[in-house]
Amino acid sequence: MALAAEGAPAAGGDSGMKAVIALAAGFGIAIAAFGGAMGQGKAIAAGLEGIARNPSAQNKIFIPMIVGLALIESLVIYALVIAFVLVGKI
């Protein structure tokens, strides 16, 4: 009986840890998506403002802006991969 009583809290603690991991994965991807969207929005706004002020500099602004957007998006994708790894531990 004593062994069964000791095993019960461990099983409950394990499901609690699974819930925490699931919440961490969900919140992690949500925060990453929000931060990435805000960063991309500001980058696009700054790029378009620069092009609007000097249309002849479009080629010098557009390509680095696209590269910057790809780097911002890569951080969100890294967070997605980490979330999948965390969910895989459940």
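What the table shows:
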item: Considering residues of the range 41-90 that are without any contact (Cβ under 8 Å) to a residue 60 or more places away in the chain and among the basic types (Lys, Arg) only, the residue farthest from Ile29 (Cα to Cα); result: Arg53
item: Residue in the range 28-39 that is surrounded by 11 or more Cβ atoms within 10 Å (Cβ to Cβ), at pLDDT below 90 and within 23 Å of the chain's Cα centre (by Cα) present; result: no
item: Glu73 in contact with a Gly (Cβ under 7 Å, 6 or more places away or on another chain) and acidic (Asp, Glu); result: yes
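The values are calculated or read from the model by the stated rules, or taken from the named source; none is laboratory data. Because the structure is a prediction, the values reported are computed rather than measured. Neighbour counts run over all protein chains shown; Cβ positions are idealised from the backbone, glycine included.
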